[in-house]
Amino acid sequence: MTSSKDVSRRGFFAKIGLLFNGMVGAALAVPIVRYLASPVTRERKPGYDSWLPLGPLDKFPAGETRLATYRNPMVNAWDGETADIACWVRNVDGKKFQVFAVNCAHLGCPVRWFPQSNLFMCPCHGGAYYQDGSRASGPPERGLFEYPYKVQDGKLLIHAGEMPTPGRSASNSKGCSSCG
Amino acid sequence: MRLMGQLGEWFDQRLQLGRPIREVMEHPVPRQTASWWYVFGSAALTIFMFQFVTGILLALVYVPSAGEAWSSLQTLNHQITLGWFIRALHGWGSNFMLAIVIIHMVQVFLFGAYKFPRELTWLLGVFLLLFTLGMAFTGQVLRFDQDAYWGLGIGASIASRVPVLGPALVKLLLGGPIIAGATLSRFFALHVFVIPGLLIGFVGLHVLMVLKLGVNEWPMPGRIVRRATYVREYHELTAKEGVPFVPYAIWKDIVFSGFILLSIALCAVMLGPFGPGGQPDPTIIQTAPKPDSFFLWIYALLSYLPPAAETPILLIAPLIGIVVLLVLPFFAGEGEKSWKRRPIAVLVILVAAVSLGTLTHLGQHTPWSPVMDAWSGQPIPAEYLKNRTPLEHEGALVFQSKQCHNCHSLAGEGGQRGPALDRVAVRLTPDQLVRQVIQGGGNMPAYGKNLSPAETTALVKFLETLHPAGQRPAQDASRAIAETDQH
């Protein structure tokens with residue numbers, strides 16, 4: 001025969017057991033959450049973004065806008081061609097450059113350059129930009145995203161590492177002391 | 001036969017499922033619900049199981065790696081015996097599933113089936129709709145082509161607009177700083193493990209509640225649902241004119257499910273698999289990404305929202321929509337069930353159907369997008385160029401070479417981003433034309449820096465010829481007076 005006292009004693013043990021499981025669960029949750037958040041925390045690590053060569057300067061004639069590509073700095077072996085990123089390079093006057101992300105500032109579709117009308121046009125929702133990247137018409141709220149650039153040893157370099165989105169432009173990545 | 005019976009008994013002694021199964025089969029349902037209107041839920045369940053099987057078949061070959069996924073789909077399409085057919089079945093199954101789930105939901109809404117005591121069944125159903133949409137989107141990502149790649153870019157751009165958390169959400173969504181291998185891996189995990197697991201659990205509870213609470217009776221105008229009396233009235237109804245679920249009601253479910261599976265197979269054979277489109281190489285920018293048909297309406301909406309209102313609407317409207325669906329049974333848990341006495345409910349469905357249909361149609365035609373190759377691929381019709389001066393011809397050339405045609409149509413050809421220009425000379429005077437070209441405005445870029453004065457003059461001369469034969473072009477009256485004064 002089990003008395004009610006016995007039951008409450010076993011009930012107490014069950015509660016202790018639950019508490020114990022809860023503590024173990026909470027302890028396990030810490031590494032799991034850190035694992036899940038690693039895409040966010042990774043940007044603090046070195047090599048997340050860096051100066052990337054786009055090629056020799058003579059690839060970008062003065063007064064013209066050309067497509068260039070680079071390999072993203074943080075890359076996995078199985079990324080394949082998705083780690084190759086394109087950008088638009090505008091050689092303003094032979095000395096000054098502008099490097100734009102291909103991603104439309106509206107929703108990230110790839111904008112195309114039309115040298116005849118000096119416009120970037122987006123195929124998705126009809127956003128258009130002038131040659132200096134400023135907004136011309138359509139749904140974008142702002143101009144094209146610009147990468148910081150520098151010229152070194154006759155090569156054009158840009159500072160990049162993540163896809164620019166309306167919430168965060170290309171140039172405000174952390175640790176970019178020499179930008180601007 | 002005796003052996004079969006003994007075998008059955010042996011299993012039932014251990015499983016003890018015989019009695020509950022018999023109870024489910026024999027449970028009485030209101031006679032009128034043995035109707036063709038009540039077959040959509042079971043059809044959705046059938047397609048779900050079908051997607052499960054075809055999905056596993058695809059997983060035997062598919063490689064969820066950003067570098068390999070696209071070519072493994074090519075292998076499925078072209079190398080493996082009937083691989084294309086399995087892909088087509090899964091793709092068409094997805095379209096049918098979404099369609100049937102939505103029809104089921106509309107029927108449940110119009111028949112008042114979400115009312116007491118079936119609120120929780122409806123609630124789980126709302127989540128099942130969201131999971132089904134989630135499966136459709138993640139499945140579109142696994143078809144790792146250009147549309148999938150840029151579709152993820154659109155998703156990331158929307159997520160990035162969330163205040164404060166935006167950038168972190170983008171990285172959680174993509175699994176890294178860019179759309180790449182980690183992105184595909186996590187969408188694979190969502191599509192194959194996470195959402196199907198949730199679906200199995202929620203579908204199980206959803207069906208269990210239909211069986212426990214009984215299927216919604218045929219709504220009669222004037223038969224009011226009251227919390228105090230409903231359950232008793234329902235049992236009286238099933239006791240009086242109920243029929244056993246098997247076979248009275250289920251035969252229609254079975255026939256309809258078979259019909260749907262046959263339709264999926266026919267679509268798969270006749271129309272083939274979906275894609276994959278171009279390979280997911282972000283350096284190939286000659287692409288016009290588009291989502292699958294069930295998301296086209298969102299794609300269309302995104303081009304019509306005014307820029308300033310876009311972010312709040314994008315982030316808040318879906319939440320409001322989901323909350324409205326979730327609280328519906330608590331807000332309207334009693335009262336009339338029949339759609340004949342619920343005009344607002346009918347109106348809501350009609351407005352929703354017309355809106356979604358219109359937006360989907362627009363999404364297919366994308367009138368807001370410039371036609372990227374109109375300037376080089378669509379010539380100005382010959383009759384617009386007959387008997388014109390050399391200067392006007394020069395203007396027509398400017399019209400083409402400066403890509404005006406990409407956004408403006410002539411004789412129905414070209415872009416629809418801006419107004420058609422067939423009668424523009426009637427609407428705008430020469431001075432207004434010059435100003436519009438140089439300064440832009442009204443969603444048109446300014447061309448002042450891109451056109452020489454000679455080009456602008458020629459272009460406007462050409463535009464001035466664009467008016468119907470018998471109709472005079474617009475003129476500035478004050479200009480005429482000024483010119484007479486000069487003489």
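Read-outs throughout are calculated quantities, based only on the coordinates presented, and are distinct from any laboratory measurement. Treat the numbers as computed from the prediction; the structure is a model and nothing was measured. As a convention, Cβ positions derive from the backbone with ideal geometry for all residues, glycine included, and neighbour counts pool all protein chains shown.
Taking amide H as placed 1.01 Å from N in the peptide plane, the amide H of residue A:136 sits under 5 Å from that of A:128, A:129, A:130, each at least 5 places away or on another chain. Per-residue extension of 0.36 nm, minus the Cα-Cα distance of residue B:352 and residue B:250, leaves a gain of 33.6 nm for this segment. Over region B:368-484, what is the relative contact order in percent, taking alpha-carbon pairs closer than 8 angstrom and at least six residues apart? The normalised contact order for region B:368-484 reaches 29 percent. The simple spin-label model puts a point 7 Å past each Cα toward its Cβ; for residue B:477 and residue B:32 those points are separated by 6.9 nm. The distance linking region B:359-418 with region A:63-136 is 25 Å (Cα centroid to Cα centroid, whole angstrom). Extension gain for residue B:103-residue B:120 works out to 4.2 nm (0.36 nm per residue, less the C-alpha to C-alpha distance). Phi angles of region B:277-293 translate, via the Karplus equation with coefficients 6.51, -1.76, 1.60 and θ = phi - 60°, into HN-Hα couplings of x, x, 5, x, 9, x, 7, 8, 9, 7, 8, 10, x, 8, x, 5, 4 Hz per residue; Gly and Pro are given as x. Between the amide H of residue A:156 and those of A:54, A:55, A:57, distances stay under 5 Å, these residues lying 5 or more places away or on another chain, with hydrogens modeled in the peptide plane.
Relative to the Cα centre, what is the charge dipole magnitude of the protein assembly as shown, using +1 at the beta carbon of each Lys and Arg, -1 at the beta carbon of each Asp and Glu, and rounding to the nearest 20 debye?
Numbers: 56 positive and 44 negative charges, 418 e Å.
Here the protein assembly as shown has a charge dipole of around 2000 debye.
Taking a ≥ b ≥ c as the square roots of the Cα gyration tensor eigenvalues, region B:1-104 comes out oblate, since a/c reaches at least 1.5 and a/b does not exceed b/c. Bridgeable aspartates and glutamates around residue B:290 (alpha carbons under 12 Å apart, same-chain partners fewer than 8 residues away excluded): B:145, B:147. Couplings for region B:32-38, taken from phi via the Karplus curve 6.51 cos²θ - 1.76 cosθ + 1.60 with θ = phi - 60°, read 6, 7, 6, 10, 5, 6, 9 Hz in order; Gly and Pro are left as x.
Between amide H atoms placed 1.01 Å from N, distances below 5 Å from residue B:336 occur with B:225, all of them 5 or more places distant or on a separate chain. Dipole check for chain B: with +1 at the C-beta of Lys and Arg, -1 at the C-beta of Asp and Glu, and the Cα centre as origin, the magnitude is about 1300 Debye. Assuming a ≥ b ≥ c are the square roots of the Cα gyration tensor eigenvalues, decide whether region B:82-174 counts as rounded (a/c under 1.5), prolate (otherwise, with a/b larger than b/c) or oblate. Taking the square roots of the gyration eigenvalues as a ≥ b ≥ c, region B:82-174 is oblate.
Averaged across A:66-78, how many Cβ atoms of other chains sit within 10 Å of each residue's Cβ atom?
Numbers: counts 0, 2, 1, 3, 1, 0, 5, 2, 5, 5, 9, 3, 12.
Counting other chains' Cβ atoms within 10 Å and averaging over A:66-78 gives 4.
Taking a straight Cα-Cα cut-off under 13 Å and skipping sequence neighbours fewer than 8 places away in the same chain, the aspartates and glutamates within cross-link reach of residue A:155 are A:58. Helices assigned as whole DSSP H runs in chain B whose Cα atoms extend at least 24 Å along their own long axis and whose mean Kyte-Doolittle hydropathy is 1.6 or higher are found at B:40-59, B:119-142, B:195-213, B:250-271, B:307-331.
Report the trypsin sites (Lys or Arg not before Pro) located in region A:56-154 that are in a DSSP loop and have at most 12 other Cβ atoms inside 10 Å of their Cβ, or state none.
Hits after loop and neighbour filter: A:95, A:96.
Overall form of region A:47-172: oblate. Here a/c, set by the Cα gyration tensor axes a ≥ b ≥ c, is 1.5 or more, and a/b is not larger than b/c. Of all lysines in the structure, the ones whose alpha carbon falls short of 27 Å from that of residue B:386, not counting any fewer than 8 places away in one chain, are B:402, B:461.
Modelled this way, with points 7 Å down the Cα-to-C-beta line, the labels at residue B:233 and residue A:7 are 4.1 nm from one another.
As a quick test, which of the pairs A:96/A:150; A:95/A:150; A:59/A:95; B:240/B:337; B:115/B:252 have an alpha carbon distance above 18 angstrom in this structure? From A:96/A:150; A:95/A:150; A:59/A:95; B:240/B:337; B:115/B:252, over 18 Å: B:240/B:337; B:115/B:252. How far is helix A:4-36 tilted, in degrees, relative to the longest principal axis of the Cα atoms in chain A, given as a value from 0 to 90 rounded to the nearest 10? Tilt relative to chain A: about 20 degrees. Give the separation of the Cα centroids, region B:427-487 to region B:242-293, in Å. Spelled out, the Cα-based centre of one part sits 53 Å from the other.
Where does each of B:416-423, A:40-47, B:354-361, B:121-128 land if you order them by average Cβ count within 10 Å, highest first?
Top of the packing list down: B:121-128, B:416-423, B:354-361, A:40-47.
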